[in-house]
Amino acid sequence: MLSSTFTTLREVAFDFEHDILWLKPKRQLEQAVLQTLAYFDVFNFPLTDWEIYKYLWVDNLADKKISYFQAREVLAHLPAVECQDGFYFLAGQSALISLRKQRQIIAREKYQRARRVAVLFSVWPFIKMIAVCNSLAYDNARAESDIDFFIIAKTGKTWTVRFLTTLILKILRLRPTKKTKQDKICVNFIISEGALNLEPLLIAGDVYFKYWLKQLVPLYNQGDIFQKFIQANDFIGNSINSAVPALCRNQRKVEHGPLFKFIKIILEIISGGSWTENLGKKIQLKMMPLNLKMQADKGTAVVMTDDVLKFHEQDRRAEYRDLWRQVKSKK
């Protein structure tokens, strides 16, 4: 009888110790879920349970290998989180559901235009990848917003690609202006295939840029360059759940037959050589606004090198980081 009592006490002690050991990781996971929802709350975007798992902020988790069921279990017991129509959001933010549905319809229409332009761009020489980025990438577009493209060019041809794409947009009147941005195409970020790692462009606490990388939607992907790009930026897995890989969506993918591929090869042969790059760079620097030139290479907002052309004159990453910290501090 005494031996049985000791056995029972040992089992109770083990269960208690197990609960204590699980308590800290569970609290960490709860905080990770709240931090994820807090980030998307900044952009008025409620999430499904799968999206919470996909975008889970794992930066402060000791064990970053979290299953979908673990995240879902924790999600169901958070008093600061509410659920409606399959969407989760911070308490008191149910109005965001209708807003998300409206923006999803707007995004669908913008993607149609984005794909048409991507088809045109993809035939032009030296373009290796075209991806939709920023709010449209995750279907959170406003009616008045433009369409942002992120492009990867052949090494040594970044200035050439920017010159060609800007020229096409100018001719077709698709470039955003101060008067109108709606449905215009903005190409303000081009890198070469020799500079795929974007970690040097991060700022302190750069939550926005990490999610920006996670949310990219490739429309044109020559030679699987997108997969190489993801591998080169695997550092985001330290902050955002890497269990759900980035995929190319077939319904939005731009693919060419033999004729278009032949045309692209011919154009690359005709415009090959360093002279096109030097000429394109010279023309653009001459026409570029002085304020952009003055900002160049003084930070990571405006970068002008032979491998990276980034023109985010109004870089709001620090603002979004601070807003995120404010929201999550209240939860």
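None of the figures in this text is laboratory data; all of them are computed from the coordinates on show. This is a predicted model, so every value here is computed, not measured. Neighbour counts are summed over all protein chains in view; Cβ atoms, including those assigned to glycine, are modelled from backbone coordinates with ideal geometry.
Only helices enter the 222 nm calculation for the chain: every DSSP H run of n ≥ 4 contributes -39,500 (n - 2.57), and dividing by all residues gives -15500 deg cm²/dmol, rounded to 500.
Bridgeable lysines around Lys181 (alpha carbons under 20 Å apart, same-chain partners fewer than 8 residues away excluded): Lys110, Lys170, Lys310. Of the labelled figures (i) -0.82, -1.03, -1.21, -1.29; (ii) -0.72, -1.03, -1.39, -1.57; (iii) -0.77, -1.03, -1.30, -1.43, only one reflects log10 I(q)/I(0) by the Debye sum over Cα atoms at q = 0.11, 0.13, 0.15, 0.16 Å⁻¹ as derived from the coordinates, namely (iii). Candidate membrane-span-like segments in the chain, meaning DSSP H helices with Cα atoms spread over at least 15 Å of their own axis and a Kyte-Doolittle mean of -0.5 or above, are 2-42, 96-123, 158-171, 258-270, with no membrane implied.
If you take every DSSP beta bridge whose two residues both sit in the chain, what share of them, in percent to the nearest 5, is antiparallel? Among the beta bridges of the chain, antiparallel pairing accounts for roughly 70 percent. With the chain treated as a Gaussian network of Cα nodes joined by springs under 10 Å, which of Ile269, Ile127, Ile185 yields the largest mean-square fluctuation? Highest fluctuation among the options: Ile269. Under the simplified labelling scheme, the Lys298-Tyr68 pair shows an inter-label distance of 4.8 nm, with each label point 7 Å from Cα along Cα→Cβ. The GluC sites (Glu not before Pro) of the stretch 224-331 that meet both conditions, a loop assignment by DSSP and at most 16 other Cβ atoms within 10 Å of the site Cβ, are Glu255, Glu313. Taking a straight Cα-Cα cut-off under 22 Å and skipping sequence neighbours fewer than 8 places away in the same chain, the lysines within cross-link reach of Lys261 are Lys128, Lys154, Lys157, Lys228, Lys253. Note on the chain: GNM, Cα springs under 10 Å; of Lys310, Lys264, Lys184, the largest mean-square fluctuation is that of Lys264. Placing a pseudo-label 7 Å from each Cα along the Cα-to-Cβ vector at Lys286 and Gln182 gives an inter-label distance of 3.7 nm.
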